[in-house]
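We did not get these values from a lab; they are worked out from the coordinates using the rules stated. Note that the structure is predicted; figures quoted are calculated from it, not measured. Cβ placement follows ideal geometry from the backbone for every residue including glycine, while neighbour counts extend to all protein chains displayed.
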Amino acid sequence: MVSSLRIESAEQAMQNPEYLTALKELLFQVADDDFILAHRGSEWLGLAPHIEEDVAFSSMSQDMMGHAVMFYEMLEALGAGKADDLAQLRKPEDFRNAVLVERMNGTGDYIEEPHYDWAYAIARCYFYGLFKEVRSESLANSSYLPLAQVSRKTMTEHRYHMIHWQVWMSQLANSTEEARNRLANALGKVWDDIGGLFILGPLAASIVKHGLIEGEELLTQRWLEKAKKAFDTFGLTWIGKPKTPELNGRAGQHTQELADAIDTLSEVYRLDPAANW
Amino acid sequence: MALQEGLLQEDVFWNLLEEVKDPEIPAVSMVEMGMINKVSVEDDVVSVEVLPTFVGCPALEIMKSAIVKKLGTVEGVREVQVNFVFEPAWSSDRISDSGREKLREFGIASPPCKHRIEEPWEVKCPYCGSSHTTMENLFGPTACRSILYCKHCKNPFEAMKPI
């Protein structure tokens with residue numbers, strides 16, 4: 001990181017076009033990851049294994065969506081457009097989230113015959129959560145001061161999410177053979193996509209050069225250490241370093257699943273974007 | 001009430017803010033919660049810096065309008081600005097002693113002071129004071145609270161998370 005660079009406000013960032021472009025690109029990645037995964041979490045409402053989990057999962061999804069809101073508001077301050085519009089009116093190809101977070105919760109529809117995969121929900125939230133820890137710790141030293149401050153704040157909240165998912169991981173890993181098999185399948189599915197999280201996209205070099213966050217390799221390495229340790233703790237067999245997925249969400253490559261998710265989540269907003277809520 | 005000259009001005013607003021309650025815990029004011037970081041007055045504009053407890057808190061907008069409404073009643077105030085800031089980050093250590101007592105009376109156990117996440121979190125029942133309690137759900141009705149059960153007086157209760 002270029003340690004000397006320190007940008008204290010949106011106004012200051014906007015005076016440097018190259019810095020501004022890199023910053024906005026990174027903010028879209030961070031915001032879109034949290035936003036889309038929070039949406040997937042919200043689709044579990046009423047379907048989680050028991051009532052306490054329903055309360056906990058929706059509470060965490062709401063908190064994570066709150067994190068996304070802050071990042072979108074940061075983009076608004078940088079002249080990228082209205083925060084609500086950024087979340088709900090962009091085209092799928094403008095989203096910068098990793099493909100991992102856009103995957104559906106399972107087969108079937110939220111309303112009709114949802115055959116959602118609970119093991120996948122836990123595996124995805126837990127290993128995404130480990131990445132969020134790594135990313136937030138790096139962002140806490142970002143050259144963009146507002147981003148560093150917000151990241152430090154989200155870290156304290158995110159710890160509680162991780163305690164929750166850790167309990168579930170341990171329960172499934174130490175449960176019946178069926179539970180272990182389901183978890184193993186879910187981990188395989190997560191591993192197909194999770195490499196996409198570590199990518200910083202087409203502007204990676206500029207993002208790192210401006211001291212906004214550390215490089216892909218460092219972030220990957222730190223996540224790998226945490227992930228290996230977790231496998232060990234839960235008594236699971238390590239499945240190896242994730243490969244780079246075919247679709248690069250950071251470059252706007254996505255599945256139909258994201259397009260459908262955006263259609264659903266923005267349906268009401270699009271009816272009347274000027275309405276007051 | 002009219003704007004007074006000099007240093008007293010800010011005190012007037014701090015006093016009024018004591019009357020603005022946390023919308024989800026109406027027993028406690030935002031000042032007692034440690035959520036008001038700074039109040040400043042410039043000519044006829046009052047600015048209030050608010051520290052959100054949990055970032056995803058859906059009550060933030062309600063708090064904002066409650067502050068604008070309350071401080072806007074002061075004669076001579078043209079505008080009330082409310083800004084959410086994250087530096088310093090809100091911590092449960094900021095809750096005042098009177099805030100802690102009111103939380104307990106409301107049935108919510110206060111977070112321990114200077115708590116580190118690695119340490120066990122011992123929660124005393126707000127009704128009978130027993131430490132013989134169990135965690136039922138880390139996430140309660142709001143992100144900042146958990147649901148517990150007192151094995152001594154057999155009451156369910158909530159506790160505010162230490163952060």
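Could you work out [θ]222 nm for chain B from helices alone, using -39500 (n - 2.57) per DSSP H run of at least four and dividing by all its residues? Round to the nearest 500 deg cm²/dmol.
Working: 3 runs with 32 residues, N = 163.
It lands at -6000 deg cm²/dmol.
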Any idea which of A:140, A:183, A:219 is furthest toward the positive side of the dipole for region A:75-227, if Lys and Arg beta-carbons carry +1 and Asp and Glu beta-carbons -1? A:140
With θ set to phi - 60° and the Karplus curve 6.51 cos²θ - 1.76 cosθ + 1.60, what are the ³J(HN,Hα) couplings of region A:100-110 in order, to the nearest whole Hz, using x for Gly and Pro? 3, 7, 8, 4, 5, 6, x, 8, x, 10, 4
Full-extension gain in nm, residue A:145 to residue A:45, via 0.36 nm per residue minus C-alpha separation: 32.4 nm
With only Lys, Arg, Asp and Glu charged, each at its Cβ (+1 for the first two, -1 for the last two), find how big the charge dipole of region B:95-160 is about the Cα centre; round to the nearest 20 debye. 80
Just going by the charge dipole of region A:15-65, with Lys and Arg at +1 and Asp and Glu at -1 on Cβ, which of A:65, A:49, A:28 is farthest out on the positive end? A:28
Using the Cα gyration tensor of the protein assembly as shown, the equivalent ellipsoid's semi-axes, largest first and to the nearest Å, work out to 36, 30, 20
List the aspartates and glutamates whose Cα lies under 12 Å from the Cα of residue B:64, skipping any in the same chain that are fewer than 8 positions away. B:22, B:49
Given B:31, B:65, B:82, which one lies farthest toward the positive end of the charge dipole of region B:8-84, if we put +1 on the Cβ of every Lys and Arg and -1 on the Cβ of every Asp and Glu? B:65
Please determine, in degrees from 0 to 90 and to the nearest 10, the orientation of helix B:97-106 with respect to the longest principal axis defined by the Cα atoms of chain B, where the helix direction is its Cα long axis. 60
Of all DSSP beta bridges in the protein assembly as shown, antiparallel share, percent nearest 5: 65
For residue B:109, other-chain or 5+-apart residues with amide H closer than 5 Å (H placed, Pro excluded) are B:158, B:159, B:160
On Cα atoms only, tilt of A:177-194 relative to the major axis of chain A in degrees: 20
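State to the nearest 20 debye the size of the charge dipole of the protein assembly as shown about its Cα centre, where the only charges are +1 on K and R beta carbons and -1 on D and E beta carbons. Working shown, then result.
On the way: 43 positive and 66 negative charges, 274 e Å.
Dipole size: approximately 1320 debye.
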If you line up the long axis of helix B:8-17 against the longest principal axis of chain B, both from Cα atoms, how many degrees apart are they, to the nearest 10? 40
What spacing in nm lies between the two simple spin-label points modelled at residue A:178 and residue B:117, each 7 Å away from Cα in the Cβ direction? 3.5
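What is the total of Lys pairs in region A:197-277 with C-alpha atoms under 18 Å apart, excluding same-chain pairs fewer than 8 positions apart?
For region A:197-277, the number of qualifying lysine pairs is 5.
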Computed over region A:10-271, the Cα gyration tensor eigenvalues, each multiplied by 5 and square-rooted, give semi-axes in Å (largest first) of 29, 22, 16
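If the only charges are +1 at each Lys and Arg Cβ and -1 at each Asp and Glu Cβ, what is the size of the charge dipole of region B:8-84 around the Cα centre, to the nearest 20 debye? Mind dumping the intermediate values first?
Details: 6 positive and 14 negative charges, 50 e Å.
With only Lys, Arg, Asp and Glu charged at Cβ, the dipole is about 240 debye.
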Straight distance only, please: which aspartates and glutamates reach the Cα of residue B:154 with their own Cα at less than 18 Å, same-chain residues fewer than 8 apart left out? B:105, B:122, B:136
